[in-house]
Each structure stands twice: as C-alpha cells, then as structure tokens.
Amino acid sequence: MKKLLIKGGTAVLPEGCVVCDLLLEGGKIARIGTGLSAAGADVLDAAGLHVFPGLIDMHVHLREPGYEYKEDIASGSAAAVRGGFTQVCCMPNTDPVCDNAAVVSYIVRRGKEVGLCKVRPIGAMTVGEKGEQLAEMGKMKDAGAVAFSDDGRPVSDSRILRLAMEYAAGFGMLTLSHCEDKALVDGGVVNEGFNSTLAGLKGSPRAAEEIDIARVIILAETLGLRAHVCHVSTRGGVQLLREAKRRGVRVTAETCPHYFTLTDDVVTGFDANTKVNPPLREQWDVDAIKAGLADGTLDCIVTDHAPHHADEKNVEYNLAAFGISGIETSFSLSYTALVRGGVLTLEQLAEKMSAAPARILGLEGGALKEGAVADLMLADLSEKYVIDPAEFRSKGKNTPFKGKEVYGRVKATIVDGAVKFGK
C-alpha cells in the first residue's frame with residue numbers, strides 16, 4: 001500500500017481546526033504535523049480544504065439482497081464515498097431479511113468485493129422482523145453484524161423488546177429502535193396538523209413517535225442497559241431524551257438532515273419525495289431538533305438513506321414509498337444548516353457525523369490522530385453548489401432537495417489510506 005501525504009489542509013480536530021500535513025501509511029495515520037515529507041509518497045494538495053475524519057452513517061438502506069432495483073451495495077457504496085462516508089451501517093429490511101449469519105456474511109463479503117466504503121450490517125432483532133421471536137444475535141455478531149434493529153417494523157411487544165435488549169447486551173451489542181406506535185399512526189402519511197388538513201392527507205400524530213421513545217427509555221432505565229433511538233423528529237421526543245439523559249439513562253439518539261432543514265409546509269405541494277417516516281414536522285420541531293443537537297441530547301446525524309425506484313415515488317402521495325435518498329447530500333445540508341446557521345461548530349459537526357457513531361457502535365475511526373485508521377474526508381467549505389439528483393451515484397434519485405443551494409462540497413474520500421473518491 002502506497003504512502004499518501006496530505007499537504008496543507010485544515011484538519012478538524014476535537015480541540016479545534018489546525019492547518020497541517022497528514023502522512024498516511026499502512027492504512028493508518030502515521031504522522032500529523034507541519035512540513036512533513038515522505039520519500040515515495042503520493043502527495044495530495046489540500047490547501048483551502050478541510051480534512052475531516054471519515055464520516056460514519058449508522059443508518060442506511062442498501063437494499064441488497066432482494067431490492068437491487070432500488071439500490072445495491074455497489075451503487076450505495078459509490079454514493080456513500082461521494083458523500084464523504086467511509087463507513088455505512090445498513091439496516092436489515094432486505095429480502096430475505098438480514099436476520100441470520102448467512103445474510104450478514106453475504107453483505108460483509110459484497111462490501112469487501114466492491115471495495116469502496118466499509119459496509120457494516122445491522123442484524124434484525126427478531127426473525128423476519130416480525131417482532132415475535134428473537135433472531136440469532138450471537139451468530140450474526142460473529143458474522144460481522146455491528147448492532148440489531150427491526151427498523152421500519154417497530155417491535156410492538158414490549159416483552160420481546162426487553163428480551164432483545166437483554167440478549168443484545170449479553171453480546172456487548174446495542175439495539176436501535178424505530179419508535180412508532182403503528183396503531184396510533186393508523187395509516188397516516190404526513191404530520192398530523194394544519195398542513196395535513198389543508199392537503200387532505202391522513203396525519204400521523206407526534207404521540208405515535210413519542211410514546212414509543214418513552215417506552216424505550218423506560219426499558220433502558222429499568223434494565224440499566226444501553227438503548228438507541230432512531231431518527232428523532234419531534235419536540236416532545238427531544239424533551240423525553242433530554243430528561244432521560246439528565247437522570248443518567250444510558251440512551252443515545254440520532255436525527256436526519258431533513259428533520260432540521262424542512263417542515264411539513266412542503267407536503268402541500270404533493271411531491272412524494274417529501275414523504276418520509278417519521279414524517280416532516282413543524283417549525284417548533286425543527287427548532288427543537290437543532291437545540292437537541294446543540295446541547296448533546298441528540299448524539300449523531302444519520303441519513304436514513306432510503307433509495308427508491310422512480311415508479312415508487314411517481315404515484316399518488318398516499319401510495320408512494322416512504323424515504324429520501326440522502327447519503328450524497330447529508331454533509332452539505334448539515335454544514336449549511338448547522339455550521340453556517342450557527343447551531344454547531346465544525347468540531348461538533350465532526351463529532352455528530354463521525355466520532356459519535358463510532359463510539360456508539362464501537363467502530364474503528366471517528367478521529368484524526370496518529371495511529372488511527374486512515375479514514376478521512378476532504379471538503380471545500382466555501383464552495384456553493386446546487387443539488388442535482390441527476391448527479392447522484394445512488395440508483396435512488398428521490399430527494400426533496402433538488403435545486404437547493406448548499407455549501408460544502410466533498411472533494412475526496414479516503415478509506416484505509418486509499419483514495420476512493422475525488423482527487
């Protein structure tokens with residue numbers, strides 16, 4: 001493996017931003033300093049660019065096996081490195097469901113064959129994601145699973161959820177909960193409120209999300225175990241998590257760019273690309289999500305990358321699939337809304353998009369330091385561009401952000417010391 005010398009970039013370190021050189025050798029960050037040189041090394045001129053630890057997305061849908069017409073591991077990995085991500089954790093709602101060691105092993109193997117980003121499978125908590133019988137978590141861990149979730153199909157039986165949390169903990173693993181009371185949603189497709197009434201679309205109440213967040217918190221507190229809450233979208237959910245953390249409950253949580261950049265005002269245009277689950281909420285929810293990111297209530301930013309075929313979105317709103325193809329826009333949206341918007345510092349953004357996911361799931365990476373894995377992302381924070389889904393490497397072009405101006409273009413993504421996207 002050749003040595004790579006990154007010269008003159010502004011490294012985003014936990015303690016601040018520093019102009020320096022980074023020498024990558026043997027898949028590791030060998031040295032960080034100024035005026036570095038290395039015989040025989042390839043040189044990457046990073047002047048004017050910021051160097052981040054490789055981004056880690058702990059919530060994506062790569063669709064393979066079974067739904068390759070939406071996305072596959074090759075196209076999803078290509079999209080990931082274009083978005084600055086060096087590791088992605090893929091949810092188990094595939095066909096067959098990723099609920100056993102054979103499917104986990106297949107995903108791990110395909111990720112290595114593609115050889116772009118690191119693909120980390122998340123195994124199902126229950127067999128077939130049916131919420132009835134625990135899946136074989138130990139065997140999935142041995143095969144390479146990094147966490148367990150029935151994402152998209154919340155475990156409604158609290159006894160089963162408890163057992164899943166306890167069983168996962170026995171293997172030193174974490175459960176990630178999609179918090180949704182399906183009975184209370186009752187077929188709702190947008191946030192319940194003024195805009196659902198205006199559009200004549202059935203609403204989904206905030207309570208459907210918040211009741212289930214409370215259930216996860218109570219179980220984690222009762223059992224003294226860790227738990228993680230997926231894609232938080234409501235003001236009430238943020239407050240529940242904030243109060244739980246103050247009590248010392250071992251709960252972590254994530255949100256997505258669309259929950260701090262969009263409100264449900266956009267659904268009145270009936271663009272099915274705005275249909276997500278949980279749904280887009282109102283301005284006070286957006287404000288609460290930003291406040292939760294700023295004060296640490298919300299630990300990390302994920303994409304919930306959910307690519308779909310055009311035919312699944314180009315239908316009536318009620319019939320359209322839920323989800324946004326978001327892995328190629330996440331960094332720019334987050335930088336523009338949060339850093340330029342004065343909510344987070346650059347160092348905090350790196351924490352939310354890299355260090356925190358690594359820490360929560362026990363993954364390598366997440367930091368720029370000597371001896372660490374050489375997973376990095378370089379971005380031009382001054383570059384303004386317009387989001388164009390025609391440029392996506394993902395098969396999914398389903399985004400509500402078409403035509404939006406953003407700042408922060410990813411210029412290069414480096415995995416284990418090798419350039420996988422860009423220069």
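In the chain, helices alone account for a calculated mean residue ellipticity at 222 nm of -8000 deg cm²/dmol, with every DSSP H run of four or more residues adding -39,500 (n - 2.57). Charged neighbours of V127, selected by a Cβ distance under 9 Å, balance to -3 (K, R count +1; D, E count -1).
Taking Cα atoms, how many degrees apart are the long axis of helix 206-223 and the longest axis of the chain, rounded to 10 and kept between 0 and 90? So the inclination is approximately 70 degrees. Computed from phi, the 3J(HN,Hα) profile of segment 155-167 under the Karplus parametrisation 6.51, -1.76, 1.60 (θ = phi - 60°) reads 6, 6, 7, 5, 5, 5, 4, 4, 4, 5, 5, 5, 5 Hz, with x in place of Gly and Pro. Note the angle between two axes, namely the Cα long axis of helix 283-294 and the longest principal axis of the Cα atoms of the chain, as a number of degrees from 0 to 90, rounded to the nearest 10. Computed tilt is about 40 degrees.
Computed over neighbours whose Cβ is under 13 Å from that of P96, the net charge equals -2, Lys and Arg +1, Asp and Glu -1. When the Debye formula is applied to the Cα atoms of segment 55-361, each taken as the same point scatterer, what base-10 log of I(q)/I(0) results at q = 0.08 Å⁻¹? Computed log10 I(q)/I(0) values: -0.31.
Counting only DSSP beta bridges with both residues in segment 55-361, tell me the antiparallel percent, nearest 5. DSSP beta bridges in segment 55-361 are roughly 5 percent antiparallel. Highest GNM mean-square fluctuation among S204, S196, S233, for the chain modelled with Cα contacts below 10 Å: S196. Using Cα atoms only, what is the angle between the long axis of helix 101-114 and the major principal axis of the chain, expressed in degrees (0 to 90) to the nearest 10? It is inclined by approximately 40 degrees. Projecting the Cα atoms of A79, H228, G35 onto the dipole axis of the chain, where Lys and Arg carry +1 and Asp and Glu carry -1 at the beta carbon, places G35 farthest toward the positive end. Hey, got a sec? Which trypsin sites (Lys or Arg not before Pro) in segment 193-223 land in a DSSP loop and have at most 16 other Cβ atoms within 10 Å? When the trypsin sites (Lys or Arg not before Pro) of segment 193-223 are filtered for loop state and at most 16 Cβ neighbours within 10 Å, K202 remain. Look at D45, D99 and count the other Cβ atoms within 10 Å of each Cβ; fewest to most, that gives D45, D99. Computing FRET efficiency as 1/(1 + (r/R0)^6) for N314 and S37, where r is the C-beta to C-beta distance and R0 is 35 Å, gives about 0.05.
In this structure, L198 and S382 have a Cβ-Cβ separation that, at R0 = 35 Å, corresponds to a calculated FRET efficiency of about 0.35. Computed extension length for K3-E68: 19.8 nm, one decimal, from 0.36 nm per residue of separation with the Cα-Cα distance subtracted.
Every read-out reported here was derived from the displayed coordinates using simple, explicitly stated rules and does not represent laboratory data. All of these numbers come straight from a predicted model, not from anything done at the bench. Don't worry about glycine lacking a Cβ; one is built from the backbone with ideal geometry, like all the others, and counts go over all protein chains shown.
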